[in-house]
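The values are calculated or read from the model by the stated rules, or taken from the named source; none is laboratory data. Nothing here was measured: the structure is a model prediction, and the numbers come from that model. In this analysis, Cβ positions are derived from the backbone assuming ideal geometry, glycine residues included, and neighbour counts consider all displayed protein chains.
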Amino acid sequence: MLAGLGLVVGVVLVFQVAVRQMRVGVEQALGPRASVGSLGVGWSGVVITDLRVRAERPRWPAEDELRAARVVVVPELSSVFRAAWRVRLVRVEGAYVSLLRKRDGGLQVVPGLVRTEAKPEQTGRPVNIGRIELVDAAVEFFDATVRQPPHRMRFERLNAELEDLALPGLDQPVQVALSAVFKGPKRDGDITLNGHVVPATRNGELNARLTGVDLIALEPYLLKVHEAGVKRGTLDLTLDAKVEHQRLHAPGVVTLKDLELGTGSGVFGTFAGVPRQAVLASLDRNGRIELKFTLEGRLDDPKFSVNEALSLRIAAGLAESLGVSLGGVVEGVGGVIKGLFGH
């Protein structure tokens, strides 16, 4: 009996130590701009309600970096005696996240929580997270590489799973599975993303699928300087991206449907660098245009821009499909874009 009682007492003490350290870790991780409605600790883990991380305005384009109705963190209690913490599950319900792609192409996600500028004296234990689940989330993506102020895109009904995160190094492959609704001014599309990536090196393989996406929401990625806008149309896209040793290789197929362009002719009267009337004439005959393209380049090359490469590849695909020579049109427009980005 004494042995059994001692075992129970030992288990209780281990649990108290584990949850106490978990509470301290969560409170430290939240940072000074965060607030929570409640933080409860029980046998099943830590439950946070009404989490909010306010943005640093005006540097950040949204009011909040992160909101969540409920966050559940389930630790592996036995890891309290190991060199690294082990968190079995982080489940985030009813979340809102804002992401910013800076002018230099760098992506920032909740910088108020993810502080990469760790001080040398910080010797906290590494944390391994088995799985992160996002349930019914909303994400706003702001892209400063294509427009100022940053171009805004919104995703809703987002469900995602990330597996095997090793913090703080993020030097191990992270499995990614995501599905969401891509909001558009006139209609909504669907997006799926699957694969794996090593955040520290950016090596990985990702397969993206977009279906029925409103072209108006993607105008900055399709149009060149001075071109007329899109009044109507949808886009389907498949992209199989692989990054190895900073080199991107991403073959894909893009399909344009029900395209209606603005009436303004603009300089050269083009769409994606191709004569506007040729594009519309092709759509009149076929009702759709399907283009194959490949994005290639080094991610660590400051002269390589994924946005510019995608625009030029789509323009080249349109020209090949329609039998139209781009000639100085693409060259001239490409020079304008490079000038805008300082290259």
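Yes or no: LEU158 crowded, with 17+ Cβ neighbours inside 10 Å and at pLDDT 95 or above? Break it down stepwise before answering.
Details: crowded, with 17+ Cβ neighbours inside 10 Å: yes; at pLDDT 95 or above: yes.
Yes; evaluated as a whole, the condition is true for this residue.
Of everything in region 251-273 that is surrounded by 19 or more Cβ atoms within 10 Å (Cβ to Cβ) and assigned to a loop (DSSP other than H, G, I, E, B), the residue that is modelled with the highest pLDDT is ALA272. The set of residues from region 183-219 being more than 15 Å from ASP258 (Cβ to Cβ) and of a type in the set (Lys, Arg) comprises LYS183, ARG202, ARG209.
Just to be sure I understand, how many residues within region 26-52 are modelled with pLDDT under 75, over 26 Å from the mean Cα position of the chain (by Cα) and of a type in the set (Gly, Ala, Ser)? So the count comes out to 2. Residues in region 39-57 that are loosely packed, with under 14 Cβ neighbours inside 10 Å and either among the aromatic types (Phe, Trp, Tyr) or closer than 14 Å to GLY112 by Cα (or both): TRP43, GLU56, ARG57.
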